[in-house]
1. Do we have residue 193 as within 20 Å of residue 71 (Cβ to Cβ) and either out of contact with any strand residue (DSSP E or B) (no Cβ under 9 Å at 6 or more places or on another chain) or crowded, with 16+ Cβ neighbours inside 10 Å (or both) here?
2. For the range 74-102, what are the residues that are under 14 Å from residue 143 (Cα atoms), assigned to a loop (DSSP other than H, G, I, E, B) and in contact (Cβ under 8 Å) with a residue 40 or more places away in the chain?
3. Output yes when any residue across the range 257-279 is part of a loop (DSSP other than H, G, I, E, B), in contact with a helix residue (DSSP H, G or I) (Cβ under 7 Å, 6 or more places away or on another chain), more than 13 Å from residue 180 (Cα to Cα) and outside the structural domain of residue 162 (by TED's automatic domain parsing), and no when none is.
4. Among the candidates 108, 54, single out the residue that is in a helix (DSSP H, G or I) and either surrounded by fewer than 21 Cβ atoms within 10 Å (Cβ to Cβ) or in contact (Cβ under 8 Å) with a residue 24 or more places away in the chain (or both).
5. Residues in the range 75-95: is at least one out of contact with any helix residue (DSSP H, G or I) (no Cβ under 7 Å at 6 or more places or on another chain) and within 19 Å of residue 149 (Cβ to Cβ)?
6. Check 230, 236 and return the single one that is more than 25 Å from residue 112 (Cα to Cα) and part of a helix (DSSP H, G or I).
7. Name the residues in the range 58-73 that are in a helix (DSSP H, G or I) and touching a residue at least 60 places away in the same chain (Cβ under 8 Å), would you?
8. For the range 140-179, what are the residues that are part of a strand (DSSP E or B), closer than 24 Å to residue 58 by Cβ and touching a residue at least 40 places away in the same chain (Cβ under 8 Å)?
């Protein structure tokens, strides 16, 4: 079994090889309602420690982004979604059972690893100059996806719980990332949904001007109709409930066929009931 390469720089605020960043107790099991029928299932949450585990996440990402959403992905490894950031990231996995398939994943780029590679993925889509004060305590979340048969909330809650403990353990308190809105709707590519969501969330969850960022390839919002009754996808609504802010107008990602909203969440802004649920404090 091939190990992931050990980093030459420190991970977050501690200097440990990849895999050792996470204590053995991070292999968590919980009985949650994760199936479409609502029947209880045992979900196992773990951090990838070997390359074959990362490959499982990349296969799930390919199934969701390419096969389901129509993204045009790199094909370095057929049937896998890979990019240059993967080797620098920690990969969080949720399995259906102790040894079952990966049904949910996030990847996490720590500040030290972002320095090694020279940027975050979000930097490629937005000018993040106004966030420079947060760089040393800011992690990037990305490539979030859940298998289509398990999208009832249990998997994403398990992922968020593990992410919250990761942040607390490594004394990091700011999360950023791109929240994607698919532009393929009922077989038709349209920006109406993304434009409608942007016009809705900017009224209620837009960050103050000191934290707003600029898309490098803006979605041409003026080209699309706005429908006030369209609600954000469940994942974006979940971020907003946790206290996240939208940092500005969406960028257009033609490869992934999505409109990407820049988002930031500070642990201190998380409502008390969610801090207690995820962190016990």
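1. Answer is yes for this residue.
2. Listed by number, the residues that qualify are 81, 85, 89.
3. No, because not a single residue in the range 257-279 is part of a loop (DSSP other than H, G, I, E, B), in contact with a helix residue (DSSP H, G or I) (Cβ under 7 Å, 6 or more places away or on another chain), more than 13 Å from residue 180 (Cα to Cα) and outside the structural domain of residue 162 (by TED's automatic domain parsing).
4. 54
5. Among the residues of the range 75-95, at least one is out of contact with any helix residue (DSSP H, G or I) (no Cβ under 7 Å at 6 or more places or on another chain) and within 19 Å of residue 149 (Cβ to Cβ), which makes the answer yes.
6. From the options 230, 236, the qualifying one is 236.
7. Answer for the range 58-73, where residues must be in a helix (DSSP H, G or I) and touching a residue at least 60 places away in the same chain (Cβ under 8 Å): 60, 61, 63, 64, 65, 68.
8. Result: 142, 143, 144, 145, 146, 175, 176, 177, 178, 179.
The values are calculated or read from the model by the stated rules, or taken from the named source; none is laboratory data. Not measured: the values here are computed from a predicted model. FYI the Cβ positions are ideal-geometry reconstructions off the backbone, even for glycines, and counts take in every protein chain you see.
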